[in-house]
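Right, one structure below, let's go through it.
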Amino acid sequence: MSPAEPSPPGAAEEEEPCLVPGCGAPSVRRLSLTEARKAFPSLPDKGRRAPLCREHYREWKKSTKKARQLERAGW
C-alpha cells in the first residue's frame, strides 16, 4: 500500500498503551471503562474505553469470571 491509500476499515492503526498505571505494554483488547474498573479501580478517566495489554486482560477475565457466568445464566 502506498502512503496515499487509506487503510482498510478495522486495520490496526497505532497501538495504544495499556491504561493500567505503571504498565506501558501495547494493548490487545479494549473494554468499557466501567467494566475494566471492576478489576482495576485506579484507572484514570480517559475516554469511554480502556485499552488493556494481554496480561491485564487476562487478570480482568480471572477476577470477573464468576460475575460474568452469573450474568450469562440469567437468560
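Against the conditions (1) under 11 Å from the mean Cα position of the chain (by Cα); (2) on the phi > 0 side of the Ramachandran plot, Gly47 satisfies every one except (1). Residues of the stretch 40-72 that are in a loop (DSSP other than H, G, I, E, B), under 13 Å from Pro21 (Cα atoms) and not basic (Lys, Arg): Phe40, Pro41, Ser42, Leu43, Pro44, Asp45, Cys53. Would you check which residues across the stretch 17-60 are more than 26 Å from Glu71 (Cα to Cα) and of a type in the set (A, V, I, L, M) and list them? Of everything in the stretch 17-60, just one residue is more than 26 Å from Glu71 (Cα to Cα) and of a type in the set (A, V, I, L, M), namely Ala25. Annotation note: Cβ proximity below 8 Å between a residue of the stretch 55-75 that is under 11 Å from Glu35 (Cβ atoms) and modelled with pLDDT of 95 or more and a residue that is part of a helix (DSSP H, G or I) and small (Gly, Ala, Ser) (sequence gap 6+ or interchain) occurs for Trp60/Ala36.
The values are calculated or read from the model by the stated rules, or taken from the named source; none is laboratory data. Nothing here was measured: the structure is a model prediction, and the numbers come from that model. Note that we place each Cβ from the backbone using ideal geometry, even for glycine, and neighbour counts take in every protein chain shown.
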